[in-house]
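The values are calculated or read from the model by the stated rules, or taken from the named source; none is laboratory data. These numbers come from a predicted model, not from an experiment. In this analysis, Cβ positions are derived from the backbone assuming ideal geometry, glycine residues included, and neighbour counts consider all displayed protein chains. The accessibility values were calculated without ligands, DNA or RNA, using every heavy atom of the protein model including side chains. Shrake-Rupley method; radii C 1.70, N 1.55, O 1.52, S 1.80 Å.
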Amino acid sequence: MIALILYYIGVALCFIGAIFFILGGIGLIRMPDVYNRMQASTKTTTMGLMSIILGVGLMEPYWIIKAIVIIIFIALTAPVGASAMARAAYKSGIPLWEGTVLNECDAPSCKKEGDKQ
Amino acid sequence: MPSNSGASSYAFVAVISFITWIALIFSPGMSMVAFEQEVFVGLLVALTVAALTYKYLPNASVKYFSPKRLGYLTVYVFVFIWEMIKANVNMAIIVTSPKLPLKPGIVKIKTDLKDNFAKLLLGNSITLTPGTMTMEVSDDTLYIHWVKICDDIKEAGDIIKGAFEKWLKGVFS
Amino acid sequence: MNYYIFLALISLLAIGTFLFLYRLLKGPTAADRMVALDAITNVTAGLLMIIAFISQRFIYVDVTLVFSILSFVGLIIVARYLEGGL
(Lines give C-alpha, C1' and ligand atoms only; values in the text may rest on other atoms or scores of the structure.)
Protein backbone atom coordinates (compact mmCIF):
# COMPACT_ATOMS: atom_id res chain seq x y z
CA MET A 1 0.00 0.00 0.00
CA ILE A 2 2.64 2.49 1.07
CA ALA A 3 4.76 1.45 -1.91
CA LEU A 4 1.85 2.25 -4.23
CA ILE A 5 1.42 5.72 -2.68
CA LEU A 6 5.15 6.40 -3.01
CA TYR A 7 4.96 5.21 -6.62
CA TYR A 8 2.25 7.70 -7.53
CA ILE A 9 4.01 10.55 -5.70
CA GLY A 10 7.13 9.69 -7.70
CA VAL A 11 5.23 9.72 -11.00
CA ALA A 12 3.74 13.11 -10.11
CA LEU A 13 7.21 14.49 -9.29
CA CYS A 14 8.52 13.20 -12.63
CA PHE A 15 5.71 14.98 -14.49
CA ILE A 16 6.36 18.20 -12.57
CA GLY A 17 10.02 17.97 -13.56
CA ALA A 18 9.18 17.42 -17.22
CA ILE A 19 6.81 20.40 -17.22
CA PHE A 20 9.51 22.60 -15.71
CA PHE A 21 11.87 21.50 -18.48
CA ILE A 22 9.33 22.67 -21.06
CA LEU A 23 8.88 25.99 -19.23
CA GLY A 24 12.66 26.41 -19.26
CA GLY A 25 12.67 25.80 -23.00
CA ILE A 26 9.98 28.43 -23.55
CA GLY A 27 11.96 30.87 -21.40
CA LEU A 28 15.13 30.15 -23.30
CA ILE A 29 13.39 30.99 -26.57
CA ARG A 30 11.47 34.08 -25.45
CA MET A 31 13.96 35.95 -23.26
CA PRO A 32 15.76 38.88 -24.92
CA ASP A 33 19.42 38.49 -23.94
CA VAL A 34 21.83 35.84 -22.75
CA TYR A 35 21.71 36.75 -19.05
CA ASN A 36 17.93 36.54 -18.82
CA ARG A 37 17.98 33.31 -20.81
CA MET A 38 20.48 31.91 -18.36
CA GLN A 39 18.21 32.80 -15.45
CA ALA A 40 15.21 31.10 -17.02
CA SER A 41 16.98 27.96 -18.12
CA THR A 42 19.23 27.38 -15.09
CA LYS A 43 16.54 27.67 -12.42
CA THR A 44 13.95 25.58 -14.18
CA THR A 45 16.21 22.80 -15.43
CA THR A 46 17.97 22.40 -12.08
CA MET A 47 14.64 22.16 -10.28
CA GLY A 48 13.25 19.82 -12.95
CA LEU A 49 16.24 17.48 -12.78
CA MET A 50 16.14 17.36 -8.97
CA SER A 51 12.42 16.67 -9.10
CA ILE A 52 12.80 13.81 -11.61
CA ILE A 53 15.65 12.20 -9.64
CA LEU A 54 13.70 12.42 -6.39
CA GLY A 55 10.67 11.00 -8.17
CA VAL A 56 12.60 7.97 -9.43
CA GLY A 57 14.09 7.56 -5.96
CA LEU A 58 10.58 7.41 -4.50
CA MET A 59 9.32 4.99 -7.14
CA GLU A 60 12.15 2.58 -6.31
CA PRO A 61 12.78 3.08 -2.57
CA TYR A 62 16.11 1.21 -2.50
CA TRP A 63 17.63 3.79 -4.82
CA ILE A 64 16.84 6.77 -2.62
CA ILE A 65 20.33 7.06 -1.05
CA LYS A 66 22.15 7.44 -4.34
CA ALA A 67 19.37 9.70 -5.65
CA ILE A 68 19.93 12.04 -2.70
CA VAL A 69 23.69 12.01 -3.35
CA ILE A 70 23.06 13.08 -6.96
CA ILE A 71 20.63 15.78 -5.81
CA ILE A 72 23.17 17.25 -3.38
CA PHE A 73 25.83 17.17 -6.08
CA ILE A 74 23.58 18.98 -8.55
CA ALA A 75 22.53 21.58 -5.97
CA LEU A 76 26.20 22.37 -5.37
CA THR A 77 27.41 22.45 -8.97
CA ALA A 78 24.65 23.67 -11.30
CA PRO A 79 24.57 27.27 -9.93
CA VAL A 80 28.38 27.41 -10.00
CA GLY A 81 28.32 26.49 -13.68
CA ALA A 82 25.70 29.16 -14.36
CA SER A 83 27.73 31.82 -12.53
CA ALA A 84 30.90 30.90 -14.43
CA MET A 85 28.99 31.08 -17.71
CA ALA A 86 27.44 34.48 -16.85
CA ARG A 87 30.81 35.92 -15.92
CA ALA A 88 32.36 34.52 -19.08
CA ALA A 89 29.59 36.06 -21.18
CA TYR A 90 30.08 39.44 -19.47
CA LYS A 91 33.85 39.35 -19.85
CA SER A 92 33.75 38.31 -23.49
CA GLY A 93 31.79 41.49 -24.18
CA ILE A 94 28.25 40.30 -24.89
CA PRO A 95 26.11 43.43 -24.39
CA LEU A 96 23.24 43.65 -21.91
CA TRP A 97 19.73 44.00 -23.31
CA GLU A 98 18.76 47.61 -24.10
CA GLY A 99 15.97 47.48 -21.51
CA THR A 100 18.49 46.98 -18.72
CA VAL A 101 17.96 49.72 -16.16
CA LEU A 102 21.06 49.47 -13.97
CA ASN A 103 24.61 48.18 -14.26
CA GLU A 104 26.74 48.39 -11.13
CA CYS A 105 29.30 45.82 -12.20
CA ASP A 106 32.76 47.28 -11.56
CA ALA A 107 34.72 44.37 -10.14
CA PRO A 108 38.36 44.21 -11.23
CA SER A 109 37.84 40.62 -12.40
CA CYS A 110 34.76 41.66 -14.40
CA LYS A 111 36.46 44.05 -16.82
CA LYS A 112 35.59 43.47 -20.42
CA GLU A 113 38.34 42.58 -22.87
CA GLY A 114 37.97 45.88 -24.72
CA ASP A 115 38.49 48.42 -21.96
CA LYS A 116 42.00 48.11 -20.60
CA GLN A 117 42.26 50.67 -17.84
CA MET B 1 40.97 30.60 11.13
CA PRO B 2 44.52 29.73 12.21
CA SER B 3 43.38 28.88 15.74
CA ASN B 4 42.12 25.60 14.36
CA SER B 5 44.22 22.54 15.14
CA GLY B 6 45.28 20.10 12.44
CA ALA B 7 43.71 17.11 14.17
CA SER B 8 40.31 18.75 14.08
CA SER B 9 40.34 19.33 10.34
CA TYR B 10 41.81 15.83 9.81
CA ALA B 11 38.86 14.30 11.67
CA PHE B 12 36.34 16.42 9.75
CA VAL B 13 37.73 15.46 6.33
CA ALA B 14 37.94 11.77 7.32
CA VAL B 15 34.33 11.62 8.51
CA ILE B 16 32.99 13.45 5.45
CA SER B 17 34.99 11.19 3.09
CA PHE B 18 33.73 8.08 4.85
CA ILE B 19 30.09 9.20 4.65
CA THR B 20 30.52 10.02 0.95
CA TRP B 21 32.12 6.62 0.32
CA ILE B 22 29.29 4.75 2.01
CA ALA B 23 26.67 6.72 0.10
CA LEU B 24 28.42 6.05 -3.20
CA ILE B 25 29.10 2.30 -2.85
CA PHE B 26 25.70 1.43 -1.42
CA SER B 27 23.63 -0.60 -3.86
CA PRO B 28 20.38 -2.45 -3.20
CA GLY B 29 21.34 -6.06 -3.90
CA MET B 30 24.49 -6.08 -1.78
CA SER B 31 25.32 -9.03 0.46
CA MET B 32 26.38 -8.40 4.06
CA VAL B 33 29.93 -9.72 3.51
CA ALA B 34 30.50 -7.43 0.55
CA PHE B 35 29.20 -4.50 2.57
CA GLU B 36 31.63 -5.22 5.42
CA GLN B 37 34.53 -5.39 3.00
CA GLU B 38 33.50 -2.10 1.45
CA VAL B 39 33.28 -0.46 4.86
CA PHE B 40 36.79 -1.66 5.69
CA VAL B 41 38.24 -0.35 2.41
CA GLY B 42 36.28 2.85 2.93
CA LEU B 43 37.90 3.42 6.31
CA LEU B 44 41.37 3.00 4.76
CA VAL B 45 40.51 5.34 1.87
CA ALA B 46 38.98 7.99 4.14
CA LEU B 47 42.02 8.04 6.44
CA THR B 48 44.40 8.26 3.46
CA VAL B 49 42.44 11.02 1.76
CA ALA B 50 42.26 13.00 4.99
CA ALA B 51 46.01 12.60 5.55
CA LEU B 52 46.71 13.91 2.05
CA THR B 53 44.31 16.85 2.04
CA TYR B 54 43.75 18.21 5.55
CA LYS B 55 46.49 20.82 5.15
CA TYR B 56 44.63 22.46 2.29
CA LEU B 57 41.39 22.79 4.25
CA PRO B 58 42.34 24.86 7.29
CA ASN B 59 38.76 25.99 7.90
CA ALA B 60 37.40 22.46 8.26
CA SER B 61 36.76 21.56 11.87
CA VAL B 62 34.79 19.09 13.95
CA LYS B 63 32.91 21.98 15.50
CA TYR B 64 30.58 21.81 12.47
CA PHE B 65 29.20 18.53 13.83
CA SER B 66 27.73 20.18 16.92
CA PRO B 67 23.93 19.73 17.21
CA LYS B 68 23.27 23.47 17.17
CA ARG B 69 25.01 23.97 13.83
CA LEU B 70 23.40 20.86 12.34
CA GLY B 71 20.03 22.25 13.44
CA TYR B 72 20.75 25.55 11.71
CA LEU B 73 21.83 23.60 8.61
CA THR B 74 18.57 21.62 8.59
CA VAL B 75 16.50 24.80 8.83
CA TYR B 76 18.61 26.32 6.06
CA VAL B 77 17.96 23.31 3.80
CA PHE B 78 14.18 23.60 4.27
CA VAL B 79 14.22 27.37 3.70
CA PHE B 80 16.27 26.72 0.56
CA ILE B 81 13.82 24.13 -0.81
CA TRP B 82 10.85 26.44 -0.18
CA GLU B 83 12.57 29.40 -1.84
CA MET B 84 13.52 27.23 -4.82
CA ILE B 85 9.91 26.17 -5.40
CA LYS B 86 8.81 29.81 -5.13
CA ALA B 87 11.53 30.83 -7.60
CA ASN B 88 10.41 28.32 -10.17
CA VAL B 89 6.73 29.25 -9.95
CA ASN B 90 7.77 32.90 -10.25
CA MET B 91 9.90 32.14 -13.31
CA ALA B 92 7.07 30.10 -14.86
CA ILE B 93 4.71 33.08 -14.45
CA ILE B 94 7.22 35.46 -16.04
CA VAL B 95 7.91 33.12 -18.94
CA THR B 96 4.30 32.37 -19.80
CA SER B 97 2.87 35.88 -19.47
CA PRO B 98 2.21 37.34 -22.94
CA LYS B 99 4.19 40.55 -22.39
CA LEU B 100 7.47 39.67 -20.72
CA PRO B 101 7.50 41.80 -17.53
CA LEU B 102 11.25 42.34 -17.52
CA LYS B 103 13.26 45.07 -15.85
CA PRO B 104 16.75 43.59 -15.59
CA GLY B 105 19.82 45.07 -13.98
CA ILE B 106 23.04 44.23 -12.18
CA VAL B 107 23.29 45.26 -8.52
CA LYS B 108 26.06 44.77 -6.03
CA ILE B 109 25.46 43.80 -2.42
CA LYS B 110 27.66 43.25 0.61
CA THR B 111 27.77 40.16 2.76
CA ASP B 112 29.05 39.63 6.29
CA LEU B 113 30.07 36.01 5.78
CA LYS B 114 33.78 35.25 5.99
CA ASP B 115 34.11 31.55 5.27
CA ASN B 116 34.60 30.60 1.61
CA PHE B 117 32.25 27.65 1.72
CA ALA B 118 29.59 29.85 3.30
CA LYS B 119 29.98 32.30 0.43
CA LEU B 120 29.61 29.43 -2.04
CA LEU B 121 26.38 28.34 -0.35
CA LEU B 122 25.08 31.92 -0.30
CA GLY B 123 25.86 32.36 -3.99
CA ASN B 124 24.18 29.08 -4.88
CA SER B 125 21.09 30.00 -2.86
CA ILE B 126 20.89 33.37 -4.55
CA THR B 127 21.15 31.76 -7.97
CA LEU B 128 18.28 29.41 -7.25
CA THR B 129 15.94 31.97 -5.66
CA PRO B 130 13.39 34.24 -7.38
CA GLY B 131 14.76 36.21 -10.30
CA THR B 132 18.36 36.59 -9.14
CA MET B 133 21.65 35.11 -10.30
CA THR B 134 25.14 35.53 -8.87
CA MET B 135 27.58 36.72 -11.52
CA GLU B 136 30.76 37.28 -9.56
CA VAL B 137 31.99 37.12 -5.98
CA SER B 138 35.01 39.12 -4.90
CA ASP B 139 35.89 39.36 -1.22
CA ASP B 140 32.69 40.53 0.51
CA THR B 141 30.86 41.87 -2.56
CA LEU B 142 28.42 39.91 -4.68
CA TYR B 143 27.37 41.07 -8.15
CA ILE B 144 23.83 39.97 -8.86
CA HIS B 145 21.90 39.94 -12.11
CA TRP B 146 18.26 40.58 -11.32
CA VAL B 147 15.34 40.01 -13.68
CA LYS B 148 12.91 42.38 -12.02
CA ILE B 149 14.80 45.03 -10.13
CA CYS B 150 13.20 46.69 -7.11
CA ASP B 151 12.48 50.41 -6.91
CA ASP B 152 14.76 51.23 -4.00
CA ILE B 153 18.31 49.98 -4.50
CA LYS B 154 19.13 50.49 -0.81
CA GLU B 155 16.91 47.59 0.16
CA ALA B 156 18.30 45.27 -2.53
CA GLY B 157 20.62 43.44 -0.13
CA ASP B 158 17.88 42.55 2.31
CA ILE B 159 15.50 41.41 -0.42
CA ILE B 160 18.07 39.28 -2.23
CA LYS B 161 19.75 37.64 0.72
CA GLY B 162 16.40 37.06 2.38
CA ALA B 163 16.55 34.63 5.24
CA PHE B 164 19.63 32.77 4.01
CA GLU B 165 22.33 34.88 5.54
CA LYS B 166 20.86 34.58 9.02
CA TRP B 167 20.85 30.77 9.00
CA LEU B 168 24.25 30.54 7.30
CA LYS B 169 25.69 32.82 9.99
CA GLY B 170 24.32 30.37 12.53
CA VAL B 171 26.07 27.48 10.80
CA PHE B 172 29.42 29.13 10.11
CA SER B 173 29.86 31.64 12.93
CA MET C 1 -1.21 1.85 -18.01
CA ASN C 2 2.42 2.20 -16.94
CA TYR C 3 3.37 2.09 -20.60
CA TYR C 4 1.27 5.17 -21.34
CA ILE C 5 2.55 7.04 -18.27
CA PHE C 6 6.16 6.68 -19.34
CA LEU C 7 5.33 7.34 -22.97
CA ALA C 8 3.77 10.67 -21.95
CA LEU C 9 6.73 11.48 -19.69
CA ILE C 10 9.32 10.83 -22.37
CA SER C 11 7.27 12.76 -24.93
CA LEU C 12 7.26 15.79 -22.62
CA LEU C 13 11.06 15.52 -22.26
CA ALA C 14 11.37 15.30 -26.06
CA ILE C 15 9.29 18.47 -26.52
CA GLY C 16 11.54 20.26 -24.03
CA THR C 17 14.64 19.04 -25.84
CA PHE C 18 13.35 20.41 -29.14
CA LEU C 19 12.76 23.82 -27.54
CA PHE C 20 16.36 23.86 -26.27
CA LEU C 21 17.60 22.60 -29.63
CA TYR C 22 16.03 25.61 -31.37
CA ARG C 23 18.15 27.95 -29.23
CA LEU C 24 21.21 25.74 -29.71
CA LEU C 25 20.94 26.01 -33.50
CA LYS C 26 19.88 29.66 -33.72
CA GLY C 27 21.62 31.30 -30.73
CA PRO C 28 23.46 34.43 -31.83
CA THR C 29 26.46 33.99 -29.51
CA ALA C 30 28.52 31.09 -28.22
CA ALA C 31 27.27 31.70 -24.67
CA ASP C 32 23.66 31.19 -25.83
CA ARG C 33 24.54 27.89 -27.42
CA MET C 34 26.44 26.75 -24.34
CA VAL C 35 23.50 27.55 -22.06
CA ALA C 36 21.20 25.56 -24.32
CA LEU C 37 23.66 22.66 -24.38
CA ASP C 38 23.84 22.66 -20.58
CA ALA C 39 20.06 22.51 -20.41
CA ILE C 40 20.06 19.58 -22.85
CA THR C 41 22.56 17.67 -20.72
CA ASN C 42 20.23 18.21 -17.75
CA VAL C 43 17.32 16.77 -19.75
CA THR C 44 19.51 13.82 -20.73
CA ALA C 45 20.40 13.13 -17.10
CA GLY C 46 16.71 13.09 -16.19
CA LEU C 47 16.00 10.77 -19.13
CA LEU C 48 18.76 8.41 -17.94
CA MET C 49 17.10 8.20 -14.52
CA ILE C 50 13.76 7.35 -16.13
CA ILE C 51 15.40 4.74 -18.37
CA ALA C 52 17.06 3.27 -15.27
CA PHE C 53 13.62 2.87 -13.71
CA ILE C 54 11.99 1.44 -16.84
CA SER C 55 14.72 -1.15 -17.42
CA GLN C 56 15.21 -1.74 -13.65
CA ARG C 57 19.01 -1.42 -13.87
CA PHE C 58 20.64 0.26 -10.86
CA ILE C 59 23.86 0.80 -12.80
CA TYR C 60 22.25 3.57 -14.88
CA VAL C 61 21.96 5.67 -11.73
CA ASP C 62 25.75 5.62 -11.49
CA VAL C 63 25.86 6.56 -15.15
CA THR C 64 23.70 9.59 -14.33
CA LEU C 65 26.10 10.67 -11.59
CA VAL C 66 29.15 10.42 -13.85
CA PHE C 67 27.29 12.13 -16.69
CA SER C 68 26.42 15.12 -14.53
CA ILE C 69 30.02 15.39 -13.27
CA LEU C 70 31.34 15.37 -16.84
CA SER C 71 28.81 17.93 -18.08
CA PHE C 72 29.73 20.26 -15.20
CA VAL C 73 33.43 19.97 -16.00
CA GLY C 74 32.75 20.64 -19.68
CA LEU C 75 30.70 23.73 -18.87
CA ILE C 76 33.44 25.14 -16.64
CA ILE C 77 36.09 24.51 -19.31
CA VAL C 78 34.06 26.28 -22.00
CA ALA C 79 33.40 29.19 -19.62
CA ARG C 80 37.12 29.54 -18.93
CA TYR C 81 37.78 29.41 -22.65
CA LEU C 82 35.28 32.19 -23.39
CA GLU C 83 36.87 34.33 -20.67
CA GLY C 84 40.15 33.96 -22.51
CA GLY C 85 42.09 32.51 -19.61
CA LEU C 86 42.04 28.77 -20.20
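Calculated mean residue ellipticity, 222 nm, chain C: -31500 deg cm²/dmol, from DSSP H runs (n ≥ 4) at -39500 (n - 2.57) each, averaged per residue and rounded to 500. Mean partner shielding of peptide A:66-79, defined as the number of other chain Cβ atoms within 10 Å of each residue Cβ, is 6.
Farthest toward the positive end of the dipole of segment C:2-83, out of C:ILE5, C:LEU48, C:LEU25, is the Cα of C:LEU25, where the dipole comes from beta carbon charges about the Cα centre. Reported to the nearest whole Å, the Cα centre-to-centre distance from segment B:1-68 to segment B:102-123 is 30. Taking label points 7 Å from Cα along the Cα-to-Cβ direction, A:ILE2 and C:ASN2 give a separation of 2.1 nm. Assuming charge only on the beta carbon of Lys and Arg (+1) and of Asp and Glu (-1), the dipole of the protein assembly as shown about its Cα centre is about 220 debye to the nearest 20. Determine which residues of segment B:138-173 fall in the zone a paramagnetic label at B:LYS68 would reach in this model, i.e. backbone nitrogen under 18 Å from the point 7 Å along Cα→Cβ. B:166-173, by backbone N distance to the label point.
Give me the net charge of A:LEU28's neighbourhood, meaning all other residues with Cβ under 9 Å from the Cβ of A:LEU28; Lys, Arg count +1, Asp, Glu -1. Charge balance near A:LEU28 sits at +2. In this structure segment B:66-172 gives 47 Å² per residue of accessible area when probed at 1.4 Å with all protein chains present. Of all DSSP bridge pairs formed entirely within the protein assembly as shown, close to 80 percent run antiparallel.
Using a 1.4 Å probe over protein heavy atoms, the accessible area lost on pairing B with A, summed over both chains, comes to approximately 3800 Å². Remark: mean inter-chain Cβ contacts per residue of B:96-104 equal 4, using a 10 Å Cβ-Cβ cutoff to other protein chain atoms. Across chain B, Cα pairs under 8 Å and at least six residues apart give a relative contact order of 24 percent. Straight-distance candidates among the lysines for linking to B:LYS169, with alpha-carbon spacing under 24 Å and chain neighbours fewer than 8 residues away dropped: B:LYS63, B:LYS68, B:LYS86, B:LYS108, B:LYS110, B:LYS114, B:LYS119, B:LYS154, B:LYS161. For segment B:66-172, the Cβ-based charge dipole about the Cα centre amounts to some 180 debye (Lys, Arg positive; Asp, Glu negative; other atoms uncharged). Segment A:17-51 and segment A:80-101 have their alpha-carbon centroids 16 Å apart.
Sorting the segments B:160-173, C:5-18 by their residues' average number of neighbouring beta-carbon atoms within 10 angstrom, most packed first, yields B:160-173, C:5-18. Solvent exposure of segment C:2-83 amounts to 49 Å² per residue of accessible area, where only protein heavy atoms count and the probe is 1.4 Å. Rounded to the nearest 500, the helix-only mean residue ellipticity at 222 nm of chain A stands at -25500 deg cm²/dmol, with each DSSP H run of n ≥ 4 adding -39,500 (n - 2.57). The overall shape of chain C is oblate: from the C-alpha gyration tensor, with semi-axes ordered a ≥ b ≥ c, the ratio a/c is 1.5 or greater and a/b is no larger than b/c. Think of segment B:66-172 as having a plus end and a minus end, set by charges on the Cβ of Lys, Arg, Asp and Glu; of B:VAL75, B:ILE94, B:ILE149, B:VAL75 sits farthest toward the positive end of this dipole. Take each peptide in A:23-34, B:89-100, B:115-126, count the other Cβ atoms within 10 Å of every residue, and average; sorted highest first, the result is A:23-34, B:115-126, B:89-100. FRET efficiency for the pair C:ILE59 and C:ALA30, taken as 1/(1 + (r/R0)^6) with r the Cβ-Cβ distance and R0 = 45 Å, rounds to 0.80. Averaged over the residues of C:45-56, the number of partner chain Cβ atoms lying within 10 Å of the residue Cβ comes to 5. Think of each Lys and Arg Cβ as +1 and each Asp and Glu Cβ as -1; about the Cα centre, that makes the dipole of chain C roughly 140 debye. Of the residues A:SER92, A:GLN39, A:THR77, the one whose Cα sits farthest towards the positive end of the charge dipole of segment A:2-93 is A:SER92 (charges of +1 on Lys and Arg Cβ, -1 on Asp and Glu Cβ, taken about the Cα centre). Only helices enter the 222 nm calculation for chain B: every DSSP H run of n ≥ 4 contributes -39,500 (n - 2.57), and dividing by all residues gives -19000 deg cm²/dmol, rounded to 500.
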